[in-house]
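The values are calculated or read from the model by the stated rules, or taken from the named source; none is laboratory data. This is a predicted model, so every value here is computed, not measured. Cβ placement follows ideal geometry from the backbone for every residue including glycine, while neighbour counts extend to all protein chains displayed. Quick note on the areas: whole protein, heavy atoms, side chains included, nothing else; ligands and nucleic acids left out. Shrake-Rupley method; radii C 1.70, N 1.55, O 1.52, S 1.80 Å.
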Amino acid sequence: HLIKEDGGELSIENNFKVFEDPSAELKPSDVLKRLSEFKELGPNELTQGYTNSAFWVLFVIENQGSHEGLQLAASYPVVEIDAYHVVDLKNRRLEHETKIERRTPSTPLRVKRGDQETFLVKVTSSQFVNLQFQVSDEKSIVEKENFENMLFAMLFGCFLTAFMTNFAMFFVLKQRGYLYYLLFSIVNCHLMFLAIKFPGHILNWGNLNWHRLVHPYSTLGAFTTFLFVRNFLQTKMEFPRLDLAMKAFMAGLVLIATLELIKYSPAYPNFADLYYQIGILLLATAGVSSFRKGFLPSRYYLFSLLCFLAGIVTFLTLTFGYLPSNLFTLNSLVIGQTAEMLLMSLALSSKLKIIERKSSQMAMKTQLLKVIAHDIATPLSIIKISAQYVKVMGQDKSIARIIRASEVIENLIHYIHERRIIDTKVLELSNVSLNAVFTDVAFAYKDRAEIKGITLRFEKNNPDLFVYAHTSNLAQQVLGNIVSNAIKFTRMNSEIVVKASLRGRKRVVIEIKDQGDGMDKCTISNLLRESNRNISQSGTNGEEGFGYGLSIAKDSLRDFKGNLEISSVLKGDDPLRCGTRVTVVLNRGRFVPEMAKQALSKVRLINPS
């Protein structure tokens, strides 16, 4: 090798010669006796892979540069080097060079400017033998290693952030997927930093011999990956045959890890590398199948797998001599695996959002069932009463009321069908005439009010008021529930007034005023609070209810972007003016003459006003 300055950096020319010692027990002097067995290696032969052999590298350096304090540093930190200065090749006189304590194995080379020296270096590794080196001055090597350490620290920071976030999510949500991700990320991150020997003493952590444990531990890393992926993609439920193949593959991993732990042989990790290719194929198949089935978080999963594969391809291309050795190519596996873990974390978060959305949808569907149970009771009671009054009131009138009540139930069914799109939380709104809404409310609750001697009175200060809402939803779920509560808590032989008016140019207010005993401020606050979903009290005549009415009204108003306001006067404070006023505030709809005619044609006058 000729050392010269090239653009401010030192570079190596020519190839060195290598001798393989399968026993790894030969001494330097014995190796020099077998010079004829040394052979030259090309760039694509520098990677020797998993082996128990020792490799002796013989090279000559002529220093034509400006530096004398040269050092030899291995490109791969997991190799061990012992360097010997060949003082007299003929007589096999050698001087052992002192090792430099550093993450990257290195040793000084005593070559004065203009001189030529011969060196013999023994290279071994418990993980992966690679015969790539750099020769430079100490400052350049230290700067390069410091820059690498800074890069690794940043990658470790990214991993630690993702890990702590997912640990907190697991602690709060107790989702099994987070546990599998934590296992996957801890093991694979530890393996990643073992492979780059960062920090420098990582191979001695816990007083364990990680040199011996690293191979079965690597197999465990692949095992945790499959644990996470099977849970994440739900392969057991979605793809039973593929899941069976994945479990068989995991059983093979356990067998390989057991063999590696009992007695290490380079054949085991070499076979494991080939075996992992089957695993990558299974992982890719699971991801593609899941994506084709419409599981959107699998996009991030496939991207993460692609990053990991890109790191592997880059690393292999480097080891075969097709890519230059630089900071990126040397650490492509680390960069690819970090990107993989971050994207896996993103995929898990995306899946959690879907789970939360489904949970919310289930809660909404449960609420919808409550709406059905609550609102269907009123028209059914009308049908029941009308059937009982057939003999008294006459068939024609009773049948008409039964038909009208059936129409109310039919509207409710139409509303339920529309809420099939509840998964997207969309309800089709339109301009709704308050004439039609008031007529529906009056029909549904007039009989119940008359039982208590209560008069229902509807007023509008504008004959053509429209609101932006949903007709049956506004009539049944909002005003119907409020009027029902007003009847329930109003005293016998009194009056309930439902009045609509404008508030400004864009809002419409509907006030429902009863003559009950009133409510205190604490009760009103509880009713309006979002968390209150089920408050039920007995009415003035002992009436019982489900307790869902007001919460249903509030949920429906949210769909309309409306508001609910409550004010009340207690009977003890003012017996003459006591009662509760519930105000519904809605967006005003646009007046359309054709719609008004159509709505008015279906409206029967409730009272002259």
Unmet requirement for Leu564, which otherwise passes all of (1) modelled with pLDDT under 85; (2) under 13 Å from Asn485 (Cβ atoms); (3) under 41 Å from the mean Cα position of the chain (by Cα)
(1)
Where Leu120 falls short, out of the listed (1) touching a helix residue (DSSP H, G or I) at 6+ places or on another chain (Cβ under 7 Å); (2) at pLDDT 85 or above; (3) in a helix (DSSP H, G or I)
(3)
Please go through segment 131-172 and pick out each residue that is aromatic (Phe, Trp, Tyr) and in contact (Cβ under 8 Å) with a residue 24 or more places away in the chain.
Phe133, Phe147, Phe152, Phe156, Phe159, Phe163
Selection from segment 129-144 of residues open to solvent by 20 Å² or more (accessible area, probe 1.4 Å) and either part of a helix (DSSP H, G or I) or aliphatic (A, V, I, L, M) (or both) yields Glu138, Lys139, Ser140, Val142, Glu143, Lys144
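Quick check on Lys174: is it over 30 Å from Glu20 (Cα atoms), of a type in the set (D, E, K, R), open to solvent by 80 Å² or more (accessible area, probe 1.4 Å) and in contact with a strand residue (DSSP E or B) (Cβ under 9 Å, 6 or more places away or on another chain)? Outline the logic, then answer.
Numbers: over 30 Å from Glu20 (Cα atoms): yes; of a type in the set (D, E, K, R): yes; open to solvent by 80 Å² or more (accessible area, probe 1.4 Å): yes; in contact with a strand residue (DSSP E or B) (Cβ under 9 Å, 6 or more places away or on another chain): no.
When the stated conditions are applied, Lys174 does not pass them.
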Residues of segment 454-489 being more than 41 Å from the chain's Cα centre (by Cα), in a strand (DSSP E or B) and under 24 Å from Thr580 (Cα atoms), which ones?
Thr455, Leu456, Arg457, Phe458, Glu459, Lys460
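Touching a residue at least 12 places away in the same chain (Cβ under 8 Å), of a type in the set (A, V, I, L, M, F, W, C), in a loop (DSSP other than H, G, I, E, B) and open to solvent by 10 Å² or more (accessible area, probe 1.4 Å): is that true of Phe223 in this structure? So that I can check it myself, show each step before the final result.
Values: touching a residue at least 12 places away in the same chain (Cβ under 8 Å): yes; of a type in the set (A, V, I, L, M, F, W, C): yes; in a loop (DSSP other than H, G, I, E, B): no; open to solvent by 10 Å² or more (accessible area, probe 1.4 Å): yes.
Taking the combined requirement at face value, the residue does not satisfy it.
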Taking Val437, is it buried (at least 20 other Cβ atoms within 10 Å of the Cβ), closer than 12 Å to Val584 by Cβ and among the aliphatic types (A, V, I, L, M)?
yes
For segment 279-295, which positions are of a type in the set (D, E, K, R) and in a loop (DSSP other than H, G, I, E, B)?
Lys293
Considering only segment 296-349, state which residues are in contact (Cβ under 8 Å) with a residue 60 or more places away in the chain, open to solvent by 40 Å² or more (accessible area, probe 1.4 Å) and assigned to a loop (DSSP other than H, G, I, E, B).
Phe320, Tyr322, Ser325
Can you find even one residue in segment 84-103 that is of a type in the set (S, T, N, Q), touching a strand residue (DSSP E or B) at 6+ places or on another chain (Cβ under 9 Å) and open to solvent by less than 60 Å² (accessible area, probe 1.4 Å)?
no
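Of all residues in segment 34-71, which are part of a strand (DSSP E or B) and either open to solvent by less than 20 Å² (accessible area, probe 1.4 Å) or of a type in the set (Gly, Ala, Ser) (or both)?
Applying the first criterion (part of a strand (DSSP E or B)) to segment 34-71 yields 39-40, 47-49, 54-63, 69-71.
Gly49, Ala54, Phe55, Trp56, Val57, Phe59, Ile61, Asn63, Gly69, Leu70, Gln71, listed by residue number.
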Checked segment 73-117 for anything under 25 Å from Phe147 (Cβ atoms) and part of a strand (DSSP E or B); matches are Ala73, Ala74, Glu80, Ile81, Ala83, Ile100, Ser106, Thr107, Pro108, Leu109
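Every residue, every condition in (1) at pLDDT 80 or above; (2) surrounded by fewer than 18 Cβ atoms within 10 Å (Cβ to Cβ); (3) touching a Ser or Thr at 6+ places or on another chain (Cβ under 9 Å); (4) among the charged types (D, E, K, R), yes or no:
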| site | (1), (2), (3), (4) |
| --- | --- |
| Ser501 | yes, yes, no, no |
| Gly516 | yes, no, yes, no |
| Lys521 | yes, yes, yes, yes |
| Ile524 | yes, yes, yes, no |
| Phe546 | no, yes, yes, no |
Given the conditions (1) more than 17 Å from Ser484 (Cβ to Cβ); (2) at pLDDT below 85, report the number of the one that Leu570 does not fulfil.
(2)
Within segment 240-262, residues open to solvent by 20 Å² or more (accessible area, probe 1.4 Å), without any contact (Cβ under 8 Å) to a residue 24 or more places away in the chain and not β-branched (Val, Ile, Thr) come out as Pro240, Arg241, Leu244, Lys247, Ala248, Ala251, Leu255, Leu259
Among the residues of segment 22-33, what is the count of those that are open to solvent by 80 Å² or more (accessible area, probe 1.4 Å) and either within 19 Å of Thr319 (Cα to Cα) or not charged (D, E, K, R) (or both)?
1
Is it fair to say Ala195 is surrounded by 14 or more Cβ atoms within 10 Å (Cβ to Cβ), of a type in the set (A, V, I, L, M, F, W, C), more than 23 Å from the chain's Cα centre (by Cα) and under 30 Å from Thr104 (Cα atoms)?
yes
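This table checks each residue for (1) among the aromatic types (Phe, Trp, Tyr); (2) out of contact with any Phe, Trp or Tyr (no Cβ under 7 Å at 6 or more places or on another chain); (3) in a helix (DSSP H, G or I).
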| site | (1), (2), (3) |
| --- | --- |
| Ala162 | no, yes, yes |
| Phe171 | yes, yes, yes |
| Met192 | no, yes, yes |
| Gly252 | no, no, yes |
| Thr258 | no, yes, yes |
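Touching a helix residue (DSSP H, G or I) at 6+ places or on another chain (Cβ under 9 Å) and either farther than 20 Å from Ser185 by Cα or at pLDDT 95 or above (or both): is that true of Ala272 in this structure? Give the steps one after another, and end with the answer.
Working: touching a helix residue (DSSP H, G or I) at 6+ places or on another chain (Cβ under 9 Å): yes; either farther than 20 Å from Ser185 by Cα or at pLDDT 95 or above (or both): yes.
It is true that Ala272 is touching a helix residue (DSSP H, G or I) at 6+ places or on another chain (Cβ under 9 Å) and either farther than 20 Å from Ser185 by Cα or at pLDDT 95 or above (or both).
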